[in-house]
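Colleague: Dumping the structure here so I can ask a few things about it.
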Amino acid sequence: MPPHILDHLAESPDPAVREAARRTLVASAQLRGARSARSAPGADLATPTRGRRTIFDAQHRESLVDAELMRTETAPPSADPAVNQAFDGLGATRQFYAEVLHRDSIDGMGMRLDGYVHYGDQFNNAFWDGRHMVFGDGDSVMFTDFTASLDVIGHELTHGVTQMTAGLTYHNQPGALNESMSDVFGSLIKQWSLDQTAEEADWLIGAEIFTPSHAGDALRSMKDPGQAYDNPTMGKDPQPGHMTDFMVLPDTARGDWGGVHINSGIPNRAFHLAAVNIGGQAWKAPGHIWYEALKASSRTTDFQQFADTTAAKAAQLYGPDAQDAVTDAWGQVGITVAGTPPPRGLHDRMPRRLERYPNAEELDRT
């Protein structure tokens, strides 16, 4: 949950919404601190267990210490829907990484997957704390149970993948890339589970967690950054989709560490454009290109460096036409891949499909 949304909710005239947002802001800051303390790739890993899932009930406390064990790999489904949704979401994410990207759990070495549901009182967030998945129930006014969204679960677990690979620092452009990687693979996990093409997918993050009575689409739109929501309670989606609108914000908690949840809209849109350019199913060629670029990145990789790496990986994995598709996508968001012509003008920012490769299966040779 982006802090700018919680900031708006903390000023809501509804006292229940206001208080839930304020509690969530405090608890999220504490959880983010725990994640930062465990951010070094390969640090403090659990014993490999082939990605074994275990779900606990935090019983509305803001602590995981006394959580109650609710479900394991050998136990039947629970009577609690949140437990089962968390269990299934962890399983779908684990299966995606294993089958699509040949990665054994979050760390690549079978790390166990522990999930905690019913965290806090009306906690409007879900969080990877560096070792565990944490789910709030939402305030039931604006948001519902966060276990209901597969792309949110995939998003948070991908923070763990990034932690164990590039270790992108959670500040400024590297932090925005960190958030974007989670949106990319969270969306791909959902698209894979629904067997959708890039054209069919909604490219929305967190659409399922909005309550039916609330007029909001999603937390973010990868296809149209800045258009996910616009209402008095949450404000207007501030995400840019082009470098001309990049937001320079303070590298502080109040400034979202340099706008990591805001400026992530730029690489998000670049991935969407690359996936549409290539065509077919986005978890195939585009997903492999971004995953290999993530593994080739470092803690301080910025937008330009990542764009250059994705173009190089596209050429390496799938040839010059795939490289053109990726280069074109970055150009449309205002980033010129090294060694290529300048990006086209504002009038020419529409996705270009590669007619020679209408289906990503023709590109996917991994």
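The values are calculated or read from the model by the stated rules, or taken from the named source; none is laboratory data. Since this is a predicted model, take the numbers as computed values, not measurements. With ideal geometry, Cβ positions are generated from the backbone for all residues, glycine too; neighbour counts draw on all protein chains shown.
Quick grid of which residues meet (1) modelled with pLDDT of 95 or more; (2) in contact with a helix residue (DSSP H, G or I) (Cβ under 7 Å, 6 or more places away or on another chain):
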site: Ala46; (1), (2): no, no
site: Arg53; (1), (2): yes, yes
site: Glu68; (1), (2): yes, no
site: Thr72; (1), (2): yes, no
site: Ser78; (1), (2): yes, yes
site: Ala82; (1), (2): yes, yes
site: Gly91; (1), (2): yes, no
site: Gln95; (1), (2): yes, no
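Colleague: Quick one: count up the residues across the range 261-304 that are in contact with a Ser or Thr (Cβ under 8 Å, 6 or more places away or on another chain), under 16 Å from Thr165 (Cα atoms) and of a type outside the set (Val, Ile, Thr).
Modeller: So the count comes out to 8.
Colleague: Glu68 passes all but one of (1) touching a Pro at 6+ places or on another chain (Cβ under 9 Å); (2) surrounded by fewer than 17 Cβ atoms within 10 Å (Cβ to Cβ); (3) without any contact (Cβ under 8 Å) to a residue 24 or more places away in the chain; (4) not hydrophobic (A, V, I, L, M, F, W, C); which number fails?
Modeller: (1)
Condition check ((1) assigned by TED's automatic domain parsing to the domain that holds Gln122; (2) over 25 Å from Gly91 (Cα atoms); (3) touching a Gly at 6+ places or on another chain (Cβ under 6 Å)) across all residues:
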{"position": "Asp151", "(1), (2), (3)": "yes, no, yes"}
{"position": "Ala198", "(1), (2), (3)": "no, no, no"}
{"position": "Asp202", "(1), (2), (3)": "no, no, no"}
{"position": "Met243", "(1), (2), (3)": "no, yes, yes"}
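Colleague: When you go through (1) at pLDDT below 80; (2) under 30 Å from Gly110 (Cα atoms); (3) not hydroxyl-bearing (Ser, Thr, Tyr) one by one for Glu62, which number turns out not to apply?
Modeller: (1)
Colleague: Looking only at the range 267-318, count every residue that is β-branched (Val, Ile, Thr) and more than 25 Å from Gly226 (Cα to Cα) and tell me the total.
Modeller: 3
Colleague: Right, here's the next one. Quick one: which residue in Ala86, Ala82, Ala92 is more than 27 Å from Trp290 (Cβ to Cβ), assigned to a helix (DSSP H, G or I) and within 22 Å of the chain's Cα centre (by Cα)?
Modeller: Answer to the check: Ala82.
Colleague: Looking only at the range 190-212, filter to residues that are assigned to a helix (DSSP H, G or I) and not aromatic (Phe, Trp, Tyr); which one of those is surrounded by the fewest Cβ atoms within 10 Å (Cβ to Cβ)?
Modeller: Among residues in the range 190-212 that are assigned to a helix (DSSP H, G or I) and not aromatic (Phe, Trp, Tyr), the one surrounded by the fewest Cβ atoms within 10 Å (Cβ to Cβ) is Leu194.
Colleague: Determine, yes or no, whether Thr165 is in contact with a Pro (Cβ under 9 Å, 6 or more places away or on another chain), modelled with pLDDT of 95 or more and either over 26 Å from Pro240 (Cβ atoms) or surrounded by fewer than 24 Cβ atoms within 10 Å (Cβ to Cβ) (or both).
Modeller: yes
Colleague: Does the range 259-271 include one or more residues that are outside any helix (DSSP H, G or I) and closer than 21 Å to Gln196 by Cα?
Modeller: For the range 259-271, residues outside any helix (DSSP H, G or I) and closer than 21 Å to Gln196 by Cα: absent.
Colleague: Another question about this same structure. Can Pro238 be described as assigned by TED's automatic domain parsing to the domain that holds Glu179 and within 14 Å of Ile5 (Cβ to Cβ)?
Modeller: yes
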